[in-house]
Every structure is written in structure tokens, then in C-alpha cells.
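Working notes for the structure below.
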Amino acid sequence: MDVILHEDHTIPLVAVNVWYHVGSKNEEMGRTGFAHLFEHVMFEGTKHHNRSHFEPLQKAGANLNGSTTTDRTNYWEDVPSNYLELALWLEADRMGFLLDGLDQQSSTSSATW
């Protein structure tokens, strides 16, 4: 894991950006769209949280999203600096416990994006 830190204390905001080195380049011919599907599935919750797991950050004024390209899938949050620990914990939770939270219903709803 690479961590890049740039400190700027002029405003009380923190940017968290998590990149996975997987994208459409990893898909097989005739079986495409999985990288983008998995990007959406990553917002479905985990073993510890349901689909609203990022709601506390959003209520605090955070902006967050994800995107998929040929080479990578990334997830980002711009959060008030006092929410950094929660943002990092939620990303770690999503990274480590996603599969435990998936079920047929959440997988089906993600497929309709």
C-alpha cells in the first residue's frame, strides 16, 4: 500500500482517495462491465454496515464517489478534517468486509445501475 500525505492547514478539509489497480483492462473479451459493476457493489455496505454506511460523512458535509477506468477503480471522499479517522475506517471496512455484507438482493440492485 502506498500512502501519500500532503499537509495544507489553510482549510479544515481532508481528501481521502483509495485506488485499486484493477479496471476494464482486467476483463475478458465478451465479458465486460464487471469492473464498473464492482465499483457500484462497493457502495452496498459490509458485514458491519448497510448501504447507508457513508451517511455519517455525508451528513457532515462530505462529498464522495467512485470511478472506474481502464487501469484503475478509485473511491474518494472530501471530508471535514475531524472526520478523517471515520473515513479511513469506512474505507478499511469496505476493503476487508465487503463480501460478508453481500447478498442476492444487494447484488441484484447494483446490477441495475
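So which residues in the range 1-40 are surrounded by 15 or more Cβ atoms within 10 Å (Cβ to Cβ) and not aliphatic (A, V, I, L, M), if there are any at all?
TYR20, GLY23, SER24, GLU27, PHE34, HIS36, PHE38, GLU39, HIS40, listed by residue number.
Which numbered condition trips up VAL16, out of (1) touching a Phe, Trp or Tyr at 6+ places or on another chain (Cβ under 6 Å); (2) in a strand (DSSP E or B)?
Result: VAL16 passes all but (1).
For the range 1-54, which residues satisfy the criterion of being farther than 15 Å from ARG72 by Cα, within 13 Å of the chain's Cα centre (by Cα) and of a type in the set (D, E, K, R)?
Answer for the range 1-54, where residues must be farther than 15 Å from ARG72 by Cα, within 13 Å of the chain's Cα centre (by Cα) and of a type in the set (D, E, K, R): GLU44, ARG51.
Here, each number is a calculation from the coordinates, and none is a lab measurement. This one's a predicted model, so the numbers in the text were calculated from it and none came from an experiment. No Cβ is skipped: glycine too gets one built from the backbone with ideal geometry, and neighbour counts run over all protein chains shown.
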